[in-house]
Amino acid sequence: MSYSTIDLHVHSREGSDGAWPLAAIFAEAVQRGIDFISITDHDSLEGQAQAAALAQALGITFITGIELNVTFFHAACNGGRSFSLDLLGYGFDPANPDLVAKLAALRDHRVNRAQVIFERVNYELGRQGVAPLSPQDLAAIQRQAEGSLGRPHIADYLVKQGIVRDRGEAFDKYLVRCDVPKLRMPPDEAAHLIRSAGGRVVLAHANDSNGTSLASVVPFMEDQLQLLVSVLAPFLDGIECWHSRHDAAATRAYMTLARDRKLLATGGSDCHQDPLLLGTVLVPEWVREQFA
């Protein structure tokens, strides 16, 4: 298998939902010849200082990174309903106070939201004559979630306990009615935070039909490109052209757009270490020159 020397989309256990700690990720990066990397954890800066130190010790060029989930609305998309996109931030100051404060607010809301959802699920269990979950159960779910608890983790635990057959039933019977709204961030706010911290904003995995992307609501490439130019352009400095779930046609289309609009063209594996995709997306060497 050929490996790229560049991977600008990697998640870690320290910061979000990666399976490996940063030390193991960087050791593997050395083995695979990766010498330009970014750790882009979800809504988290927890691993940035450690990642920078590891990179320096190993002779790897590191650029600060983050993946922010945003809520986007456009009348022509998704039947006029809002939907989620992910934006990657690169090259920002991770100590920027406004960015740090916003991420702390998001984290606190996630913790409180999970607690309320858990309490509502327990109420529904009691109404149906099922023994409620205990504080020990909540602690077990939190360990499974590596601290970033969400509805899927509760669903999986309900399956494990034999309360429901599968994740779908958990949502249908409990987690839809027990939901608590997320703390939403619009793309203009996310872009302002990253740019004010000295960074640049890149649309992540736009053509990932199985994930948080434009493709999930705008399936045709021509329509995606039109939306990028006419609506999303003010919030973006670049687009992720190379991704583990982009096909060659999508990569070519995004590269052409990036060239014509003078946007950054970035790429990465989106590696969560399960499976181990680190460096498997072949990103051209000239990509690093954009960050010089």
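The values are calculated or read from the model by the stated rules, or taken from the named source; none is laboratory data. Remember, it's a predicted structure, so these values are computed and weren't measured experimentally. Don't worry about glycine lacking a Cβ; one is built from the backbone with ideal geometry, like all the others, and counts go over all protein chains shown.
At-a-glance table
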item: Any hit, region 120-127, residues being outside any helix (DSSP H, G or I), at pLDDT 90 or above and not assigned by TED's automatic domain parsing to the domain that holds G15; result: no
item: Residues located in region 233-263, provided they are part of a helix (DSSP H, G or I) and either within 18 Å of T40 (Cβ to Cβ) or in contact (Cβ under 8 Å) with a residue 60 or more places away in the chain (or both); result: F235, Y254
item: Scan of region 195-210 for residues that are in contact with an Asp or Glu (Cβ under 8 Å, 6 or more places away or on another chain) and part of a loop (DSSP other than H, G, I, E, B), ordered by number; result: A197, G198, G199, A204, H205, A206, N207
item: Residues located in region 216-257, provided they are crowded, with 21+ Cβ neighbours inside 10 Å, touching a Ser or Thr at 6+ places or on another chain (Cβ under 9 Å) and among the aliphatic types (A, V, I, L, M); result: I239
item: Residue list for region 1-27, filter: outside any loop (DSSP other than H, G, I, E, B) and either in the same structural domain as V111 (by TED's automatic domain parsing) or crowded, with 17+ Cβ neighbours inside 10 Å (or both); result: I6, D7, L8, H9, V10, L22, I25, F26
item: Single condition T266 does not satisfy, out of (1) part of a loop (DSSP other than H, G, I, E, B); (2) polar (S, T, N, Q); (3) buried (at least 22 other Cβ atoms within 10 Å of the Cβ); result: (1)
item: Residue check, D108 touching a residue at least 24 places away in the same chain (Cβ under 8 Å) and of a type outside the set (F, W, Y); result: no
item: Residue that is farthest from A204 (Cα to Cα), among those in region 36-58 that are surrounded by fewer than 16 Cβ atoms within 10 Å (Cβ to Cβ) and in contact (Cβ under 8 Å) with a residue 24 or more places away in the chain; result: L58
item: Members of region 59-91 that are of a type in the set (S, T, N, Q) and buried (at least 18 other Cβ atoms within 10 Å of the Cβ); result: T64
